[in-house]
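Worksheet: the structure to be examined is printed underneath.
The values are calculated or read from the model by the stated rules, or taken from the named source; none is laboratory data. What you are looking at is a predicted structure, and each value in this text was computed from that prediction instead of being measured. A quick note on method: Cβ atoms are made from the backbone with ideal geometry, for glycine too, and the neighbour counts reach across all protein chains shown. When the accessible area is computed, the model is the full protein with side chains, heavy atoms only, and any ligands, DNA or RNA have been set aside. Shrake-Rupley method; radii C 1.70, N 1.55, O 1.52, S 1.80 Å.
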Amino acid sequence: MADPKGFLKIKRQKSQYRPVCDRVKDYEEVMVLRPDTDSKEQASRCMDCGTPFCHWGCPAGNYIPEWNDLIFHGQWEKALELLCATNNFPEFTGRLCPGPCEYACVLGINEDPVTIRENELAIIEHGFKQGLIKAKLPAKRTGKKIAVIGSGPAGLAAADQLNKVGHKVTVFEKDDKVGGILRYGIPDFKIDKKIIERRLKILEKEGIIFKTGINVGNRHTCSLQKDFDAMCLTGGSREPRDLKIEGRDLKGIYFAMDYLTQSNRRVGDGFKPSPTGGGGSIDAKGKNVLVIGGGDTGADCVGTAHRQGAKSVVQIEVLPKPPECRPNDQPWPKYPMIFKSSSSHEEGGERHWAILTKKFIGESGFVKKILCVKADLQKDEKSCPVMKEIPCSEFEIEVDLVILAIGFIHPEHPGLLEKLGAEFDSAGNVKTDGNYMTSVKGVFSAGDMRRGQSLIVWAISEGRRSAYCIDKYLMGQTSLPML
């Protein structure tokens, strides 16, 4: 192990961020990469447990105690090799993953857990800095061709794995640049798009073909099935959950992904209206902004509104405020639903919990207020949780711009999925068997499109698992890892 007494001598180092007064003026990454010396010190806190539950908590099955030990002993190249054995894109997860592994850390039972996510980021960034990460062409080609539909983390992971074993992989993306939600759904202040481009250059050198601006559901479905030996659907879960209440047709109410996509396009490429954005510019400058939804996407909208110069920013959530500490019904090593604040919340604004939105109120066709009511989480006669309105608790919030960040219901059904004749599960996601194959022979699915809206680390894990199944389907056997 790294240091038998490291966890006794060293305290957890909190993530370091740029000063609020500076970072709200731009879209550069808010997190500051720490020095390798600090990472070595933090790695010493890993106890190399007999049963490392961090493995259990990580969907990618990262070799966490092993590479923590290698960091501590300065063996960065070996740590990098071990990290990349289970995670294709640690530079993405190291910035964006909420760290379920940390909540499963044994040290976290009665102490602050190891900084696993930042240690992971330190390894991969050290590798790039030292020129250790280079394109590696497959030893041979199999002659098999595979189409990956969607270029988010699941699609990129599947493509990377399949290319490694020699298949010819083409990734189709309907947007004008590769990356999916990584590029268009997550603000630059959380992940600079140069980080994505850096990885894409390597994937292209390794032989993966990327074709952008192609919506395969429009006219390419039949030709894809004919031209490729297998397909992998990784288009994500893009159908937003709506709030169908009185006044929803007023102007000034947008889905979060349309807002974030447009902002990311404005920052990176110059403004281009989102294909699903429904019209003109969505800008928070000088406006009273309300974000409905308390999750990570809502927080991204809050941070974006700050940078656009909003007059005020309020975020409301229908569920009660989570507890500060792990609740009894979510014991270690489960991932707990506890109170969390993002860098966006540190930058200002208000947050309110247990709020039901009753009605949008407008003037001259534009939203100007919302009518809300406070609520209480109770249980019905079947012991199922239900929100009950608190009598005489109605109030109004003045707004000029409303962002709906209340999640997604399932992948988009019209187009590719309907043309393929793919079956859906009870939640509306693409249904697959135990080998990730859909109801259509030779067509597989992975990521949010298959399992529903989830974490980036799950998307990468899904992409890797689907690649294992596709390779086995095509070749009869596979050398790829299941995880």
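Below are the figures for this structure:
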quantity	calculated
Filter pass, Asn429 being in contact with a strand residue (DSSP E or B) (Cβ under 9 Å, 6 or more places away or on another chain), open to solvent by less than 20 Å² (accessible area, probe 1.4 Å) and not aromatic (Phe, Trp, Tyr)	yes
Hits in the stretch 104-128 (condition: in a helix (DSSP H, G or I) and among the acidic types (Asp, Glu))	Glu118, Glu120, Glu125
Residues that are out of contact with any strand residue (DSSP E or B) (no Cβ under 7 Å at 6 or more places or on another chain), buried (at least 16 other Cβ atoms within 10 Å of the Cβ) and free of Cβ contacts under 8 Å to residues at least 60 places away in the same chain, drawn from the stretch 455-483	Arg465
Members of the stretch 429-453 that are in a loop (DSSP other than H, G, I, E, B) and either in contact (Cβ under 8 Å) with a residue 24 or more places away in the chain or β-branched (Val, Ile, Thr) (or both)	Asn429, Thr432, Asn435, Tyr436, Thr438, Val440, Gly442, Ala446, Gly447, Gly452, Gln453
Among the residues listed as Lys40, Lys14, the single one being at pLDDT below 95 and within 14 Å of Arg117 (Cα to Cα)	Lys14
Cβ-Cβ under 9 Å pairs, at least 6 apart or on other chains, the stretch 412-426 side closer than 12 Å to Asn218 by Cβ, far side open to solvent by 70 Å² or more (accessible area, probe 1.4 Å)	Gly415/Asn218; Leu416/Asn218; Lys419/Cys222
Filter result for the condition that a residue is part of a loop (DSSP other than H, G, I, E, B), open to solvent by less than 10 Å² (accessible area, probe 1.4 Å), under 20 Å from Asp400 (Cα atoms) and at pLDDT 95 or above, over Ala310, Ala284	Ala284
Scan of the stretch 29-65 for residues that are polar (S, T, N, Q), open to solvent by 30 Å² or more (accessible area, probe 1.4 Å) and either outside any loop (DSSP other than H, G, I, E, B) or touching a strand residue (DSSP E or B) at 6+ places or on another chain (Cβ under 6 Å) (or both), ordered by number	Thr37
Of all residues making up the stretch 412-426, the number that are touching a helix residue (DSSP H, G or I) at 6+ places or on another chain (Cβ under 7 Å) and open to solvent by less than 70 Å² (accessible area, probe 1.4 Å)	3
Selection within the stretch 327-337 - free of Cβ contacts under 8 Å to residues at least 24 places away in the same chain and either within 23 Å of Ala256 (Cα to Cα) or in contact with a helix residue (DSSP H, G or I) (Cβ under 9 Å, 6 or more places away or on another chain) (or both)	Met337
Members of the stretch 219-251 found to be in contact with a Pro (Cβ under 7 Å, 6 or more places away or on another chain) and either buried (at least 19 other Cβ atoms within 10 Å of the Cβ) or outside any strand (DSSP E or B) (or both), listed by number	Gly235, Gly236, Ser237, Arg238
Meets criteria (under 18 Å from Ser466 (Cβ atoms) and of a type in the set (Gly, Ala, Ser)) for Gly207	no
Residue under evaluation Glu324, criteria (1) at pLDDT 95 or above; (2) within 30 Å of Asp112 (Cβ to Cβ), criterion not met	(1)
Subset of the stretch 177-218 (residues that are on the phi > 0 side of the Ramachandran plot and open to solvent by 10 Å² or more (accessible area, probe 1.4 Å))	Gly207, Gly213
Options Thr115, Thr170; residue that is of a type in the set (Val, Ile, Thr), touching a residue at least 12 places away in the same chain (Cβ under 8 Å) and out of contact with any helix residue (DSSP H, G or I) (no Cβ under 7 Å at 6 or more places or on another chain)	Thr170
Residue in the stretch 141-149 that is in a loop (DSSP other than H, G, I, E, B), more than 30 Å from Gly407 (Cα to Cα) and not basic (Lys, Arg) present	yes
Residue within the stretch 78-86 that is charged (D, E, K, R), crowded, with 22+ Cβ neighbours inside 10 Å and part of a helix (DSSP H, G or I) present	no
Those strands (runs of 3 or more DSSP E) lying entirely in the stretch 345-421 with at least 2 residues of a type outside the set (Lys, Arg) and more than 23 Å from Cys301 (Cβ to Cβ)	366-379, 385-398
